[in-house]
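Take a look at the structure below.
The values are calculated or read from the model by the stated rules, or taken from the named source; none is laboratory data. The model shown is predicted, which means the values in this text are computed figures rather than measured ones. Don't worry about glycine lacking a Cβ; one is built from the backbone with ideal geometry, like all the others, and counts go over all protein chains shown.
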Amino acid sequence: MIQYENVTKIFGSGDKSVTAVDNVNFEVEKGELVTLLGPSGCGKTTLLRLTNRLLSLTQGKIIVDDQNIMDINRVKLRQSMGYAIQEVGLFPNKTIYGNIAIVPRLLKWDEDRIRDRVDELLTMLQLEPDTFRDRYPVELSGGQQQRIGVARCLAADPKILLMDEPFGAIDPINRVEIQDEFLRVQGKLKKTIIFVTHDLQEAIKMGDKIAIFQEGQLIQYDTPETILTNPKNEYIADFVGTDRGLKVLGLRKAKDVMVENPANLIQASTKASDALKFLQDKKLEHGTVVEKEKPIGYLTSANLEETEAPIKEIAEAYPKLITPYDNLKDVMSVMLMYDIRVLCVVDEDNNMAGTISLEDIQKSIMKIYSGTGEDKH
Amino acid sequence: MDVWQFLADNKKRCLALTWEHIWIVSLALFIAILIGVPIGIVITRNKKVAQSVINTANVLITIPSIALFGILLPILSLIGHGLGKVPAITALVLYSQLPIIRNTYTAIQNVPSELVEAGRGLGMSRWRRLKEVEIPLAIPVIIAGLRTAAVMNIGIAAIAAYIGAGGLGVFIQEGISRVHQEMIVAGAILVSLLAILVDGTMALLERLITPKGVKIGRKQNQ
Ligand SMILES: Nc1ncnc2c1ncn2[C@@H]1O[C@H](COP(=O)(O)OP(=O)(O)OP(=O)(O)O)[C@@H](O)[C@H]1O
Ligand SMILES: [Mg+2]
């Protein structure tokens, strides 16, 4: 756990002094990933550098696992926290291997163990170990170098990670993959992470909590969902944007809004005329055809009129089956792309789990906006 | 005038004086490195101190060699070495300080700040950072300073023959007093060849010792 108590950092003195971090108070729970967000110059990097004592505090204190950082040997403190700097800063005279091995070597790991660790990290960061291990930093692209910077900070498996825009230079495709992989690993290892980013989307996706700063002050510290649904003031609302409703959809999962026992199920063995009657009686536009728990496709009244064919053949297949963990943004884009208002959610065994409709999603957005305007904090 | 004849006739003496010249310069350079490189590194911690150290070295290098020998004479006489190799080597060490200190200082200073930051942030001690990052990156520029010092010292050592230090300057000094032109020219040629040879060797050393990752980077930038 990291606790910031009245943390202040002032650079310089007199008229020229700059208050980079202004009386900041918050706590990062053990095993939590907190993203720091805010415009350039708001003090994000300064806060990280205060945490590992690259800078000294002007006021306040920082407590790491119940110990004041001032009572911990500086070098020991830094070795216990991984640090990925904003500028990446790989050592050009060392190979990729040599760069990643820095902290393990400081900690006197044996070389076999280091070798395994380096390969493991390269693989995790989507870089082929045999290709990259013996290259020099100049032989890598900016995005690849940045991944090595992340590997270097993870190398000795520190419990705390300070990461300053670690994925900023990585192309969007690799970035998404690395974010996913990072989250997957974090789900297992549960490190305490402070993660600076400029990218709101990334902050929302990665953060258990988000801390938004303005001119050195911590303006709001909350879960991504709360920040999006209940921005504390104008500044935060502007920061998260008017499309924050859509952003929340990125956070919510299909399972949160799906209807688990939909009323429109039709067994595949049903006759077309019976199916039509069923839809008309219940005033349903759309029927989901299932056979032994597995969804086969969907039917509308129009499909069923004047036909006696088995409905299994008439049913149109769903363009895509949704899993309970797909986010609503993705679900909605499938709906828009295929012009279909209802989709089917299936579990791991492809058994029917429920249905989800555009109306359900819309209702979930409406709730978000109804919360705006009132200052709830 | 038959310089070649002179060289052929005095092969043994030529070799002996060349050898003497080399070891005076080498010993001086070795001592100069032991003094200059650590000074160059230490002064990176304080800009003001650095400025005054470099200024002092600057003043030293502007003193003409004959004058410096004159200044050293009474001082080193106190330990009974007013003339000979001791004042010669002392002078060479002093002259070497500017190129060595200045290059070491500049090279360490020019290590990109994000690398220093990264090293500190990872928990590398100052010594470890120096050893693994700063010195390897600074070494080409430090060697360039040594190269300047070595070449300059070969010339100054020739003058030191006047205070009885020996070396190839002996040919020139003796040749002048005996009005022996072949001897003077032979001395001049040998000193020049030595300087060119050392310069080439140091250039090679500079290339060999540059870290591979840095070399690849330079090639890409061309
Ligand atoms: N060493 C320093 N000396 C003086 N002022 C500094 C120093 N480091 C940072 N500052 C100032 O402190 C403020 C905060 O800087 P900081 O680097 O923490 O911003 P940041 O939030 O990381 O910005 P960015 O998103 O651009 O990286 C800025 O106004 C900056 O100019
Ligand atoms: Mg920054």
With (1) assigned to a strand (DSSP E or B); (2) over 17 Å from A:T288 (Cβ atoms) as the list, and A:L343 as the residue in question, which single condition is left unmet? (2)
Given the residues A:V257, A:V248, which is the only one that is buried (at least 17 other Cβ atoms within 10 Å of the Cβ), in contact with a Ser or Thr (Cβ under 6 Å, 6 or more places away or on another chain) and within 17 Å of A:D326 (Cα to Cα)? A:V257
Please go through the stretch A:56-79 and pick out each residue that is exposed (fewer than 15 other Cβ atoms within 10 Å of the Cβ), outside any strand (DSSP E or B) and more than 8 Å from chain B (Cβ to nearest Cβ). A:S56, A:D65, A:D66, A:M70, A:D71, A:N73
Quick check, is A:G82 in contact with a strand residue (DSSP E or B) (Cβ under 6 Å, 6 or more places away or on another chain), within 13 Å of chain B (Cβ to nearest Cβ), more than 15 Å from ligand 1 (Cβ to nearest atom) and of a type outside the set (S, T, Y)? yes
Exactly one of these conditions fails for A:K30: (1) surrounded by fewer than 20 Cβ atoms within 10 Å (Cβ to Cβ); (2) under 18 Å from A:Q214 (Cβ atoms); (3) touching a strand residue (DSSP E or B) at 6+ places or on another chain (Cβ under 9 Å). Give me its number. (2)
Which numbered condition A:L122 fails, given (1) buried (at least 20 other Cβ atoms within 10 Å of the Cβ); (2) among the aliphatic types (A, V, I, L, M); (3) within 18 Å of B:G119 (Cα to Cα): (3)
Considering only the stretch B:102-127, state which residues are of a type in the set (F, W, Y) and touching a residue at least 60 places away in the same chain (Cβ under 8 Å). B:Y105
Can we say A:E32 is free of Cβ contacts under 8 Å to residues at least 40 places away in the same chain and within 19 Å of A:G207 (Cβ to Cβ)? no
Just one of (1) in a loop (DSSP other than H, G, I, E, B); (2) over 25 Å from the mean Cα position of the chain (by Cα); (3) within 12 Å of ligand 1 (Cβ to nearest atom) trips up A:S40, so point out which. (2)
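Listed here are the residues, each with its yes/no results for (1) crowded, with 18+ Cβ neighbours inside 10 Å; (2) more than 19 Å from B:I22 (Cα to Cα); (3) β-branched (V, I, T); (4) at pLDDT below 95.
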{"site": "B:L60", "(1), (2), (3), (4)": "no, yes, no, yes"}
{"site": "B:S65", "(1), (2), (3), (4)": "yes, no, no, yes"}
{"site": "B:L68", "(1), (2), (3), (4)": "yes, yes, no, yes"}
{"site": "B:L72", "(1), (2), (3), (4)": "yes, yes, no, yes"}
{"site": "B:I75", "(1), (2), (3), (4)": "no, yes, yes, yes"}
{"site": "B:L78", "(1), (2), (3), (4)": "no, yes, no, yes"}
{"site": "B:K85", "(1), (2), (3), (4)": "yes, no, no, yes"}
{"site": "B:V93", "(1), (2), (3), (4)": "yes, no, yes, no"}
Could you list, in sequence order, all residues of the stretch B:139-153 that are under 17 Å from B:Q97 (Cβ atoms) and hydrophobic (A, V, I, L, M, F, W, C)? B:V141, B:I142, B:I143, B:A144, B:L146, B:A149, B:A150, B:V151, B:M152
I'm checking my understanding of the structure. Among residues of the stretch A:184-217 that are more than 16 Å from ligand 1 (Cβ to nearest atom) and of a type in the set (V, I, T), which one is nearest to the chain's Cα centre (by Cα)? A:I204
Suppose we filter the stretch A:84-138 for residues that are in contact with an Asp or Glu (Cβ under 8 Å, 6 or more places away or on another chain) and hydroxyl-bearing (S, T, Y); how many remain? 2
Given the condition touching a strand residue (DSSP E or B) at 6+ places or on another chain (Cβ under 9 Å), more than 16 Å from A:F213 (Cβ to Cβ) and away from ligand 2 (no atom under 16 Å from the Cβ), answer yes or no: does some residue in the stretch A:37-52 qualify? no
Does A:L48 meet the test of being away from every other protein chain (no Cβ under 14 Å), closer than 19 Å to A:F195 by Cβ and surrounded by 22 or more Cβ atoms within 10 Å (Cβ to Cβ)? no
Restricting the stretch B:101-130 to residues that are within 11 Å of another protein chain (Cβ to nearest Cβ) and not in a helix (DSSP H, G or I), the residue that is nearest to the chain's Cα centre (by Cα): B:V111
Residue under evaluation B:E134, criteria (1) farther than 30 Å from A:N73 by Cα; (2) assigned to a helix (DSSP H, G or I), criterion not met: (1)
Do we have any residue at all in the stretch A:61-72 that's farther than 20 Å from A:M163 by Cβ, more than 13 Å from ligand 1 (Cβ to nearest atom) and basic (K, R)? yes
Selected residue (criterion: farthest from the other protein chains (Cβ to nearest Cβ)) from residues of the stretch A:159-178 that are buried (at least 20 other Cβ atoms within 10 Å of the Cβ) and within 21 Å of B:G121 (Cα to Cα): A:F167
Taking the stretch A:157-179 and keeping only residues that are out of contact with any Lys or Arg (no Cβ under 8 Å at 6 or more places or on another chain) and within 16 Å of ligand 2 (Cβ to nearest atom), one is left with A:L162, A:M163, A:E165, A:P166, A:G168, A:A169
Take the stretch A:126-177 and flag every residue that is more than 16 Å from ligand 1 (Cβ to nearest atom) and on the phi > 0 side of the Ramachandran plot. A:Q126, A:D157
For A:E111, are the conditions met, namely being within 16 Å of ligand 1 (Cβ to nearest atom) and within 30 Å of B:I209 (Cβ to Cβ)? no
Can you confirm whether A:S80 is more than 22 Å from the chain's Cα centre (by Cα), closer than 18 Å to A:K159 by Cβ and among the small types (G, A, S)? yes
